[in-house]
Amino acid sequence: MYTIAIHGGAGTIARHLLDEEKQKQYEEGLQAALDAGFTLLENGGSALDAVTAAVVSLEDCPLFNAGRGSVFNSEGRHEMDASLMRGDNRDAGAVAGVWNVRNPILLARAVMEHSEHVLLSGSGAEAFAREQGLNFEPDEYFYDAFRYAQYQEAQAAGRVQLDHSAAGDRKFSTVGAVALDSQGHICAATSTGGMTNKKYGRIGDTPVIGAGTYANDLTCAVSCTGHGELFLRQVVAHQVHCLMAYKGCSLQEACDQVVMQDLVAIGGEGGLIAVDTKGNIAMPFNSEGMYRGCRSSEGLNTVEIYRV
């Protein structure tokens, strides 16, 4: 058996705020990412390759706050974070605060595979990306009129804000993927542009192994999306693993405990996607909606945005 699940962010995603055409665009973007990862699994590819391909697809889609669709920071630029982790040997790679890298998830993977480190940041990470021959893009590639309007609104109000529209909805628009391959291995990957108008080199949970991303073949692979500060404090991704490993919880029980109880208790909003080595999938969220989807060798293929 093999399976993949993805997310494109959680938050207040009300039905009346997405017209039919915009909803279709989001659904098509999610399906394209699912298909990119699933095709690799279907052809005997690894979970690592599958989550990488799915996240690259989401990073290349301007609808999601990662890669090309990243929000503007306080300097009017795009400061991106990403991470991924293998469940078989617990290798991991991550980057934080990188500019102009077309696909931060590919840089995170290069850190894992071609350096002795786990997490690189800023100019050092960018220098490493150039050494690895990764693609860079000019600022214009990342420009989006809607994102720029968000940035201007945040600057005018003098605040840092989560990705949200003029209609007032709050979105935690990280993207991510988790997968189980036919060899029984699992992997997780996560990428984000962070908060609109963020200052001081702010870093959320996405590039922090154990907070926003975690994978262990003994239990599960997890990718998170939510208010990063709260996910960091709760060490969300690793907490799911701990509940399974030390308390004997099922994947769904562990995810529900962390997302619907532990996070809620400290005011944390968002969700996560997770898969275990039996192919079970969990996609809980305590917000109004979450862009999400999953596909498996058992015939499952679904893309959803709102609560069912």
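Listing for the model above:
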item	result
Cα centroid separation - region 41-99 against region 289-305, whole Å	19 Å
Among 292-300, 2-10, 265-273, 64-72, the order from most to least packed when residues are scored by Cβ within 10 Å on average	2-10, 64-72, 265-273, 292-300
Charged-residue dipole, Cβ positions (Lys, Arg, Asp, Glu), region 3-306 about Cα centre, Debye nearest 20	580 debye
Taking the C-alpha atoms of the chain, convex hull volume expressed per residue in Å³	118 Å³
Cα-centred dipole magnitude for region 28-154, charges only on beta-carbon of K, R (+1) and D, E (-1), debye, nearest 20	140 debye
For q = 0.10, 0.11, 0.13 Å⁻¹, Debye-computed log10 I/I(0) when each Cα of region 160-289 counts as one equal scatterer	-0.29, -0.35, -0.49
Farthest toward positive dipole pole in the chain [+1 Lys/Arg, -1 Asp/Glu at C-beta], among Val98, Asn197, Ile13	Asn197
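All of the numbers you see were taken from the coordinates with simple rules; none came from a lab. All figures in this text were calculated on a predicted structure; none of them were measured in a lab. Ideal geometry is used to build each Cβ from the backbone, glycine not excepted, and the neighbour counts take in all protein chains shown.
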